[in-house]
Amino acid sequence: MENAGNPESIELIAENIFQVVPLLKKRLSRFSAFQSEHGLPLSHFQVLSLLEARGSMSVSEISDYFNIAKPNITPLVDRLVSAGLVDRVRSTTDRRVVFIVILEEGCRRLESIRALLGSNVALWKESLTGEEFDRLGEALKDVVTLLEKI
C-alpha cells in the first residue's frame, strides 16, 4: 500500500482509536448479563475462550497474551479452577512448568456465553442494514488479524 505509514494514515488511525475505544466499551457494557447470569466477569470468559482456541497455556503465556501482569492473572486462574472450569496440569517434560487447561464444564459455560453474546449481537441487526452488518463482521475480523500482528 503506497500511502501506508504516511502522516495522514497515522493521524487517521490514532483518531479512530480514540473513537473506537469508547464505542466498544459502550457496546460491551451491555454484556454485563455475562457476569450476572454466569457469576463471572467478561475477563474470565476471555481466558476460557483463549484456552479453548489454544489448548493448554502457562499463566505466563496467558499474562503475555492479555498484557496483564502475572500476579493479576494468577487470582483469575484460581477463581476459574475453584469454579471447576479449568485445571492446572504439570508438564510431563518439565515438572516446574504448569499448564492451564479448559475443562469440559468450562467449554459448556463458554458455549452458553457465546449463545448469550450471539443473541445480543443479533439485536445490532436492527440498527444496521444487512450489508452493514456483514461489513461489521468482516471489519472486526480484520481488526483482530491486524492487531495480532503489531
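No lab work stands behind these numbers, since they all come straight from the coordinates. Treat the numbers as computed from the prediction; the structure is a model and nothing was measured. Positions of Cβ are generated from backbone atoms using ideal geometry, with glycine treated the same way; all protein chains shown enter the neighbour counts.
The C-alpha atoms of the chain define a longest principal axis, and helix 42-54 lies at about 80 degrees to it. Could you tell me which of the pairs K26/K149; K26/K141; K25/K141; K26/K125 are separated by over 23 angstrom between their Cα atoms in the structure shown? Over 23 Å apart, Cα to Cα: K26/K149. Label sites at V121 and K141, each approximated as a point 7 angstrom past Cα along Cα to Cβ, lie 1.1 nm apart. The alpha carbon gyration tensor of the chain gives principal lengths a ≥ b ≥ c with a/c of 1.5 or higher and a/b no greater than b/c, which makes the shape oblate. How far, in degrees from 0 to 90, does helix 7-29 lean away from the longest principal axis of the Cα atoms of the chain, to the nearest 10? Roughly 60 degrees between the two axes.
Axis of helix 70-82 versus longest Cα principal axis of the chain: the two differ by about 60°, to the nearest ten degrees.
For a Förster distance of 22 Å, can you work out the FRET efficiency between the beta-carbons of R95 and K70, rounded to the nearest 0.05? Taking R0 as 22 Å, the efficiency between R95 and K70 is 0.70.
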